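Working notes for the structure below.
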Amino acid sequence: MTLSTFIQNYKQTLTDEISNLNAQSEQLKIENRDDEYNFNRVENNIVEIFDQMFEISLKKIKDESNWKTELTTSYLSFFNKIPTAWHTNLEKCKVHGLEDEIFIETLKINKAETIKTMFLTMIEEEKI
């Protein structure tokens, strides 16, 4: 598979996830399920962040013949860097017993891990 095909497939997967979360958000809002709506919006924001980081990673590819390695290295660096603050905040929230904040930080960390796993699964399926 080519780089352009991979980009198209991965971007479609992220777009589908954002669309699904938006649809869920609308339903939760209609049902006046405010907490769940807010949590859903947090998840949506995480997907959007990593969608933007994917775009940045694509711009860093210098050698298209080695795109898989370059893209993986660049994109995964964001999964190491961005959630660091979430982990730090999670620990602070645990110390202070802030249950809502603990839930939100855990939600963000878990969503990032889900996206990372999805990316790794898709890139490992690539035959070069």
Notebook entry, point to check: Suppose R0 equals 22 Å; then what is the FRET efficiency for Thr114 and Asn22 from their Cβ-Cβ distance, rounded to the nearest 0.05?
Noted result: 0.85
Next item on the list: Just name one of Leu107, Phe79, Asn45: the one whose Cα is farthest towards the positive end of the charge dipole of the chain (beta-carbon charges, Lys/Arg +1, Asp/Glu -1).
Entry: Phe79
Checklist line | For His96, solvent-accessible area (1.4 Å; no DNA, RNA or ligand), Å² | finding: 130
Next item on the list: For helix 99-124, report the angle its Cα long axis makes with the longest principal axis of the Cα atoms of the chain; keep it between 0 and 90° and round to the nearest 10°.
Entry: 20
Item checked: Cα-projected label distance for Lys94 with Arg33, points at 7 Å along beta-carbon direction, nm -> 2.8
Check: To the nearest 10 square angstrom, how much accessible area does Leu120 have with a 1.4 angstrom probe?
Finding: 50
Note to self: Given 4 °C and 1.567 mPa s, compute D for the chain with the Stokes-Einstein relation, Rh being the Kirkwood radius over Cα pairs; round to the nearest whole µm²/s.
What the structure shows: 81
Checklist line | Largest to smallest accessible area among Met118, Met53 [probe 1.4 Å] | finding: Met118, Met53
Margin query: Using a 1.4 angstrom probe on the protein heavy atoms only, could you order Glu55, Glu126 from most to least accessible area?
Written below: Glu55, Glu126
Item checked: Phi to ³J(HN,Hα) by Karplus 6.51 cos²θ - 1.76 cosθ + 1.60 over the range 20-27, Hz, x for Gly, Pro -> 4, 5, 4, 5, 4, 4, 4, 5
Checklist line | Gaussian network model of the chain, springs between alpha carbon atoms under 10 Å - residue of Glu105, Glu48, Glu26 with greatest fluctuation | finding: Glu26
Check: In debye to the nearest 20, how big a dipole does the chain give about its Cα centre with +1 on each Lys and Arg Cβ and -1 on each Asp and Glu Cβ?
Finding: 480
Checklist line | Lysine pair number, Cα distance threshold 15 Å (strictly under), the chain, separation 8 or more or different chains | finding: 10
Notebook entry, point to check: Given Asn9, Ile30, Ile123, which one lies farthest toward the positive end of the charge dipole of the chain, if we put +1 on the Cβ of every Lys and Arg and -1 on the Cβ of every Asp and Glu?
Noted result: Ile123
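The values are calculated or read from the model by the stated rules, or taken from the named source; none is laboratory data. None of the values given here were measured: they were computed from a predicted structure. Glycine also receives a Cβ, built like all others from the backbone with ideal geometry; neighbour counts cover every protein chain displayed. With ligands, DNA and RNA removed, areas are computed over all heavy atoms of the protein, side chains included. Shrake-Rupley method; radii C 1.70, N 1.55, O 1.52, S 1.80 Å.
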